[in-house]
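A quick write-up on the structure given underneath.
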Amino acid sequence: MLFFTPFSNNLKAQPLTPKDNGLKEITLKDPDLGLIRFYVDTENIKKRAPLFIEVNGSGGLPLCIYIKGKGFSALSNTFNAAVIAATKKNFHYIILGKPGTPFCDTINTNDDVKHYDQHALIQNYKYSKEYTARLSLDWRVKATKRVLTYMLQHNFWDGTRIVAYGYSEGGQVAPALAVADKRVTHVVSVVGSGLNQFYDEIMAWRIKAAKGEITQQQAQDSIEARLKEIKEIYRHPENTTMEYAGHSYKRWASFGKNPPFEELRKLDIPIFMIAGTADSSSPVYGLDYVELDFIRLGKTNLTYSPCVGCDHYLNSTENGKVINHGDDYLVKILKWLGQ
């Protein structure tokens, strides 16, 4: 998720450093994981408090992207400032950077403010070689565990709650983290996944055929072609030179190893799960399946909250007006955590 703000072309005025954003950068060197960069809010940093760790979405983007063009500059953040603001008083907020990725990076363009394409510039951002070589579900889980250990060893934690809050890809990481690290006490999954991600695309072809947008044969041909690619991914689960949909085989194979619902049902701690019913990136049917599975198992630790009509960014359109429900859900999450 990108949060965009335009500015005048004055570099000193931009919040481009962790400190500018009320964060402190801490680095850890791990012989297997490499350099781990993470950021902690600085409010009440010397006091012990519950921990709220945000696991953000996919891709090797920096947490801050500064776009510099002709006569203007713009800023896009891949962290959610609203989450920091809502949690920093009662928690220590934490977010990890991606491997081989700085907190902030600059993208230059020769276009002026009226003609530049923010989406295209960010989409064409080249991830670092280290990100491609290291990024996997396992890396994200193990790196986050190391960060939690650091926070505990350095007396940041008050011994109460440790909340794993994951958005999109992070919504898959958070439950896997909680399974691997029993110190986590609460999981929040926002527009994550319930089933194998590859199944989402297969289902999309079937839906298009059912709606008459393509023929049944076209759907079948497309699915068979995709399955051939998917077989190659599972045959080469450590390969970082071959890519599928912009990510390495290693990344896809790691996230496709255990479907999220299998990890979620292993947990007995409280889980808050949000889905967008009009989300094409994380289709709701996979998340609906999680609730169904919990009902089947008689588990009562899941709070499932579909955002009706919402897309991947929790936006809905009502009477021609786009409404974002992110703040409403933050209030619901914090109220749930206070129970």
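The values are calculated or read from the model by the stated rules, or taken from the named source; none is laboratory data. Quick caveat: nothing in here was measured; it's all calculated off a predicted structure. FYI the Cβ positions are ideal-geometry reconstructions off the backbone, even for glycines, and counts take in every protein chain you see. Note: areas computed on protein heavy atoms with side chains; ligands, DNA, RNA excluded. Shrake-Rupley method; radii C 1.70, N 1.55, O 1.52, S 1.80 Å.
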| query | Checking Y234 against (1) hydroxyl-bearing (S, T, Y); (2) under 21 Å from the mean Cα position of the chain (by Cα); (3) more than 23 Å from A143 (Cβ to Cβ), which test does it fail? | reply | (2)
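Say we look at the stretch 35-46 and pick out the residues that are in contact (Cβ under 8 Å) with a residue 24 or more places away in the chain and open to solvent by 10 Å² or more (accessible area, probe 1.4 Å); which of these is nearest to the chain's Cα centre (by Cα)?
The residue in question is R37.
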| Condition met for Y285 (more than 17 Å from A174 (Cβ to Cβ), in contact (Cβ under 8 Å) with a residue 12 or more places away in the chain, out of contact with any Asp or Glu (no Cβ under 8 Å at 6 or more places or on another chain) and not in a strand (DSSP E or B)) | yes
| said: Going through I107, I94 one at a time, which residue ends up being surrounded by 14 or more Cβ atoms within 10 Å (Cβ to Cβ), closer than 19 Å to T42 by Cα and touching a helix residue (DSSP H, G or I) at 6+ places or on another chain (Cβ under 7 Å)? | reply: I94
| task | Determine whether Y165 is open to solvent by 10 Å² or more (accessible area, probe 1.4 Å), in contact (Cβ under 8 Å) with a residue 12 or more places away in the chain and within 26 Å of H92 (Cα to Cα). | result | yes
| request: Select from the stretch 317-333 the residues that are modelled with pLDDT of 95 or more, polar (S, T, N, Q) and not in a strand (DSSP E or B) and list them in ascending order. | output: none
| note | Of the conditions (1) open to solvent by less than 90 Å² (accessible area, probe 1.4 Å); (2) farther than 30 Å from E229 by Cα; (3) not acidic (D, E), the single one that V331 does not satisfy is (1)
| task | Examine the stretch 298-316 for a residue that is among the hydrophobic types (A, V, I, L, M, F, W, C), part of a helix (DSSP H, G or I) and open to solvent by 30 Å² or more (accessible area, probe 1.4 Å), and state whether such a residue exists. | result | no
| message | Under 8 Å between Cβ atoms, which residue pairs at least 6 apart in sequence (or on different chains) link something in the stretch 223-236 that is within 14 Å of R206 (Cβ to Cβ) and at pLDDT 95 or above with a partner that is in a helix (DSSP H, G or I) and not hydrophobic (A, V, I, L, M, F, W, C)? | response | I223/R206; R226/E201
